[in-house]
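Nothing in this text is a laboratory measurement; each read-out follows from the coordinates by a stated rule. Worth saying up front: this structure is predicted, and the values here are computed from it rather than measured. Here the Cβ positions follow ideal geometry from the backbone for every residue, glycine too, while neighbour counts run over all protein chains shown.
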Amino acid sequence: MGQAQQTENNPEIDVKVLQDMYKKFVMECPSGLLFLHEFKRFFGVEPTGEASDYAENMFRAFDTNGDNTIDFLEFVAALNLVFRGDLEHKLRWSFKVYDKDNNGFVDRKELRSIIDSIYRLKKSAKKEDFDSQLTVDEVVDRIFQAVDSDGDGHINLEEFIRGAQQDPWVLNMVKLDMNPARWVMEQRRRSAHF
């Protein structure tokens with residue numbers, strides 16, 4: 001009793017695992033805070049390049065209080081989402097990544113920026129499942145046609161989730177890998193810091 005914490009839809013999180021994670025976190029981040037440059041170093045991401053924009057957007061989405069740092073609680077919440085979150089929670093997180101100005105809507109410019117980052121990442125990784133027959137602008141137009149149900153030129157959270165859940169093509173395009181765990185694991189393997 002008291003040795004594990006139950007989460008809503010997930011297996012138990014062992015206290016020992018949390019303690020080990022905390023030790024590693026404090027070793028890498030003695031201040032108790034993870035800054036963007038440390039986040040990138042953690043995952044072996046170059047300061048510029050294909051993965052840099054993607055990492056910056058992930059960092060911003062994980063920084064739930066908006067103080068430009070990730071503390072241990074935000075770190076654990078992020079890892080829990082990445083490794084154990086259900087589709088709706090991952091889509092909510094993906095929406096935060098797309099909504100760069102945090103106004104509750106994704107506009108064409110924000111959508112284009114992330115889709116462009118995803119295209120560049122997939123091209124550089126030479127993903128077999130990457131289909132670049134459509135241009136970034138064509139993808140953005142098609143997503144807006146499928147998802148912006150009220151036609152106001154902005155995608156709100158409900159439209160984003162509904163559109164991704166109802167249209168497999170949209171889900172594939174907006175999912176930010178929908179397995180961010182794979183991206184995290186790939187970056188961890190490339191980095192000696194984690």
Simple SL model, points at 7 angstrom along Cα→Cβ for Asp116 and Lys16; separation in nm is 4.9
Among segment 33-55, those whose backbone N falls under 13 Å of a label point 7 Å along Cα→Cβ from Asn65 are 33-34
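Given the Cα-Cα distance of Asn80 and Asn172 and 0.36 nm per residue of separation, how much length would full extension add, in nm? Walk me through the numbers on the way to the answer.
On the way: separation 92, 0.36 × 92 = 33.12 nm, distance 2.18 nm.
Separation in residues times 0.36 nm, less the Cα-Cα distance, equals 30.9 nm.
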Cα-Cα longer than 23 Å, checked against Lys100/Lys175; Lys40/Lys96; Lys40/Lys175; Lys16/Lys90; Lys40/Lys100; Lys24/Lys100, kept in input order, equals Lys16/Lys90; Lys24/Lys100
